Structure formats: C-alpha cells, structure tokens
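A.B. asks: Structure below; questions to follow.
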C-alpha cells in the first residue's frame with residue numbers, strides 16, 4: 001500500500017508541474033547492497049595483485065597488494081554492519097571450513113618462513129569468518145549471492161576486454177590474454193570467464209536468466225576464454241555444464257534442445273575443425289611437454305620425495321604461496337598436502353564430498369544444478385590448479401555451492 005501511495009503521489013505532482021519525490025531506498029535494499037558489497041570485496045581479495053605482470057594503470061606493487069589484502073578487512077567491516085546482532089547458521093560445511101583454517105594456523109606456527117605463513121593462515125581465518133557471517137543470506141530464494149558473483153565476474157571479464165582494446169600488445173603477452181587494467185594472469189582470466197559462462201548457461205537453462213543477457217554473456221566470455229588458452233578452465237566448464245544440464249534434463253525442454261544443439265555442434269566441429277582444436281589444445285607444446293604436464297610432473301615428484309617428519313606428514317609445513325623451490329605447484333591436492341599435510345587433505349576432501357552429496361540428494365531445480373556445476377568445476381580444476389585449501393576463487397565458489405544446497409533453503413533468508 002505504501003508503494004502504491006508513493007506512485008500516486010509522484011503521478012499527481014508530475015501532472016501539477018511539481019518536482020516528483022525521490023525514490024525511497026528501503027532498509028532491506030540497503031542491507032542487500034551491503035551483502036553484495038561484502039561479496040565483491042571477497043572476490044577482490046582473492047584477485048592477487050601481480051606487480052611483475054604487464055598492466056596499463058601505474059599502480060605500484062605495494063599499493064596493489066594493499067588494496068587486495070585490505071579488501072578482506074573491508075569485507076569484514078561491511079558484513080558486521082549488516083549482520084547486527086551477529087547471527088550465523090549452523091552448517092557442517094562451515095564447521096569443516098573453520099577447522100581447516102585453524103589447522104592451517106597451527107601448521108604455520110612451525111613454518112620456515114614464519115611471518116608469511118602466519119599472515120596467510122590469518123587471512124584464511126578472516127576469510128572463513130566473513131563467509132560464516134554471510135550464512136544468514138544462504139537461504140534467499142532470489143539467489144542473491146549467485147547473481148552477485150555473476151555480476152562481479154562480468155565486471156572482471158569486461159575489464160579484461162577493455163584492457164585488450166586499450167593495449168592489445170600488453171594484454172596478449174606470450175600469445176595468451178591476461179588482464180592489464182588490474183594485472184590478472186591468463187589462467188585466472190580463463191577461470192573467471194569459464195565460471196561466468198557456466199553459471200550463465202545454468203541460469204538460462206533453469207529459466208532464471210533472459211535469453212538476451214545469457215547470449216551476450218556467452219558471446220563475450222567464450223572468446224575471452226579461448227584467447228587465454230587455458231585448457232583446465234575449458235574442460236572443467238564443459239564437464240560442469242554437462243553435469244548440471246543432466247540434472248535438469250527431464251524437467252526442462254530447453255535443456256533437451258540445448259543438448260541436442262550442442263551435440264550437433266560438437267559433431268560438426270569434430271569433423272571439420274579437428275586440426276584447429278588439436279592445435280589450440282597443444283598450445284605450441286610437443287609430446288614430451290604435454291606428457292610432463294608443462295613441467296608440473298617434476299614439481300609434483302619433488303614434493304612427494306621431500307623428507308618430512310611425522311608431524312609434517314600429518315600437518316604439513318605451513319601455508320605457503322603454493323610454490324616449491326620457486327616453481328608453482330599447480331595442484332590443489334599436492335599443494336594442500338605440502339601446506340597442511342594429510343589432515344588438511346582429509347578436511348578438504350570432506351568439504352567437497354559434503355557439498356557434492358548434499359547437491360546429489362537435493363530436489364531437482366536451479367539450486368541443485370548450480371551447485372553441481374560449481375562442485376564439478378572445482379573438482380576437475382583441482383588436479384592442475386590450487387585453491388580449495390586457501391583463500392581463493394575456488395574456495396569462494398565451493399562455499400557458493402554449499403549455500404545453494406543448505407538444508408534450510410526452503411525458507412526465505414533475511415533481506
């Protein structure tokens with residue numbers, strides 16, 4: 001009734017030549033915006049600033065790192081302003097996540113590089129705390145967190161496209177597309193674009209996203225993904241969309257039509273563009289390099305051969321920057337084993353299995369399909385990417401999947 005009265009008043013004042021009243025922003029809208037800001041700041045926090053990467057804007061490395069790390073403090077501050085008095089929802093996932101954070105903190109006490117390890121462990125604890133404080137918004141029927149995450153991903157991809165238009169030489173360093181407005185490695189650009197494509201397709205298949213918006217998203221993000229030459233992101237996205245689509249296959253005709261069209265396109269492409277696809281997948285590497293997984297296998301073998309005590313076997317060497325002897329580990333499971341040992345690996349596996357099991361037994365619908373896509377993507381990517389045991393986009397998206405399969409999701413959460 002209040003909204004109708006405001007509209008009638010605006011109409012009458014306009015007809016009489018008076019200035020219409022401004023639109024009133026309700027408290028629930030302000031709360032929703034602060035929740036969205038909190039999530040956006042979490043994404044900014046995991047967008048590590050790489051000062052050595054080529055970028056257009058003259059941002060000093062110290063300033064860029066301060067912005068990225070300070071975003072976590074900002075997220076904690078904003079979420080405390082909206083979650084008053086502090087309320088959290090009980091969740092097995094949250095308990096496991098907080099256990100992983102505490103275990104990482106304990107393992108880092110004995111780390112060789114103590115200050116760096118303790119900083120990363122403290123960051124993981126703060127990251128988990130913010131995610132815990134966001135649990136009251138897990139049960140919203142409008143999928144606020146999912147839509148916010150998609151909007152943030154679109155913004156990141158848009159910044160990459162703008163950087164490509166402004167400085168194509170810098171953006172295509174070594175023949176792979178990276179971010180230049182904010183230095184983003186090609187692998188991360190591929191990750192963001194692949195997740196944006198997958199979430200867009202699942203939302204469209206579920207009837208929750210208009211065709212025009214979905215088509216625009218796909219037409220922009222697919223070329224970005226292909227220009228990054230990131231094979232892991234592409235394979236994980238295809239696997240996730242396939243699993244999510246199968247969960248909706250019997251419920252929606254548009255899903256069946258999409259699968260039929262996709263199968264036809266795949267068959268046609270396999271017959272006519274096989275050489276192009278093979279060249280793209282090879283990425284200029286020979287058979288020996290592909291067999292060694294672009295140098296990853298040597299690093300993995302060295303990690304497994306690393307001498308360690310019983311404590312280090314169980315709890316690891318403390319949180320690192322996911323590198324070994326100066327080389328990236330590029331494996332979630334070996335990186336987790338190196339940092340937090342077998343105990344950390346077990347907790348991470350329980351995190352994934354809990355979300356996957358909850359999604360599997362959830363009734364058919366958009367929440368289940370989105371959760372299955374996100375979990376499948378994280379599992380496939382985890383073999384050559386790291387992040388499920390640290391503050392990263394992968395942990396953020398696994399938490400997003402957990403929010404979609406929360407047992408009390410039938411109830412409307414706070415606005």
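Bear in mind these aren't lab numbers, they're just calculated from the coordinates by the rules spelled out. A quick note: this is a predicted structure, and the numbers were derived from the prediction, not measured. Glycine gets a Cβ as well: all are built from the backbone with ideal geometry, and neighbour counts include every protein chain shown.
A.B. asks: Would you mind ranking 333, 154 so that the residue whose beta carbon has the fewest other beta carbons within 10 Å leads the list? Mind dumping the intermediate values first?
C.D. replies: On the way: 333 17, 154 20.
Fewest to most other Cβ atoms nearby, the residues stand as 333, 154.
A.B. asks: Between 0 and 90 degrees, rounded to the nearest ten: what's the tilt of helix 27-46 against the longest Cα principal axis of the chain?
C.D. replies: It is inclined by approximately 20 degrees.
A.B. asks: Distance between Cα centroids, the stretch 294-316 to the stretch 172-243: provide it in whole Å.
C.D. replies: Each part's Cα centre sits 32 Å from the other's.
A.B. asks: I would also like to ask the following. The stretch 36-68 to the stretch 69-130: how many Å between their Cα centroids?
C.D. replies: Distance between centres, Cα-based: 19 Å.
A.B. asks: Exposure proxy check: 103, 385 ranked by fewest other beta carbons within 10 Å? Please list the in-between numbers first.
C.D. replies: Values: 103 23, 385 27.
Lowest to highest Cβ neighbour count: 103, 385.
A.B. asks: Here is a further query. Just for the Cα atoms in the chain, what are the lengths along the principal axes, largest first, rounded to whole Å?
C.D. replies: Answer, in whole Å and largest first: 81, 57, 50 Å.
A.B. asks: If the viscosity is 1.002 mPa s and the temperature 20 °C, what translational diffusion coefficient in µm²/s does Stokes-Einstein give for the stretch 233-284 when Rh comes from Kirkwood over Cα pairs?
C.D. replies: Values: Rh = 12.4 Å.
Answer from the Stokes-Einstein relation: 172 µm²/s.
A.B. asks: Could I ask something else about it? Name the shape class, rounded, prolate or oblate, that the alpha-carbon gyration tensor gives for the stretch 81-222, where a ≥ b ≥ c are the square roots of its eigenvalues, rounded holds for a/c under 1.5, and otherwise prolate holds if a/b is larger than b/c and oblate otherwise.
C.D. replies: Working: a/c = 2.73, a/b = 1.27, b/c = 2.15.
It is oblate, given that a/c is not under 1.5 and a/b is not larger than b/c.
A.B. asks: Run lengths n ≥ 4 of DSSP H only: what is the helix-derived mean residue ellipticity at 222 nm for the chain, with -39500 (n - 2.57) per run over all residues, to the nearest 500?
C.D. replies: -22500 deg cm²/dmol
A.B. asks: Rank 214, 117, 251 by mean-square fluctuation in a GNM of the chain with C-alpha springs under 10 angstrom and give only the top-ranked residue.
C.D. replies: Highest fluctuation of the listed residues: 251.
A.B. asks: Can I ask one more? Explain nothing, just the number: relative contact order of the stretch 55-136, from Cα pairs under 8 Å at least 6 residues apart, as a whole percent.
C.D. replies: On the way: 49 pairs, mean separation 34.1, N = 82.
Reported as a whole number, the value is 42 percent.
A.B. asks: Cα axis of helix 2-15 to longest principal axis of the chain: angle in degrees, 0 to 90, nearest 10?
C.D. replies: 60 degrees
A.B. asks: Compute the angle between helix 332-360 and the longest alpha-carbon principal axis of the chain, please, reported from 0 to 90 degrees and rounded to the nearest 10.
C.D. replies: Around 40 degrees separate the two axes.
A.B. asks: According to the Kirkwood expression over distinct Cα-Cα pairs, how big is the hydrodynamic radius of the stretch 185-276, in Å?
C.D. replies: Working: mean 1/r = 0.0724 Å⁻¹.
One decimal place: 13.8 Å for the Kirkwood radius.
A.B. asks: Most exposed first by the Cβ proxy, i.e. fewest other Cβ within 10 Å, how do 345, 125, 378 rank?
C.D. replies: Working: 345 20, 125 16, 378 26.
Taking fewest neighbouring Cβ atoms as first place, the list is 125, 345, 378.
A.B. asks: How large, in Å, is the stretch 239-390 by the Kirkwood hydrodynamic radius built from its alpha-carbon pairs?
C.D. replies: Working: mean 1/r = 0.0549 Å⁻¹.
Here the Kirkwood hydrodynamic radius works out to 18.2 Å.
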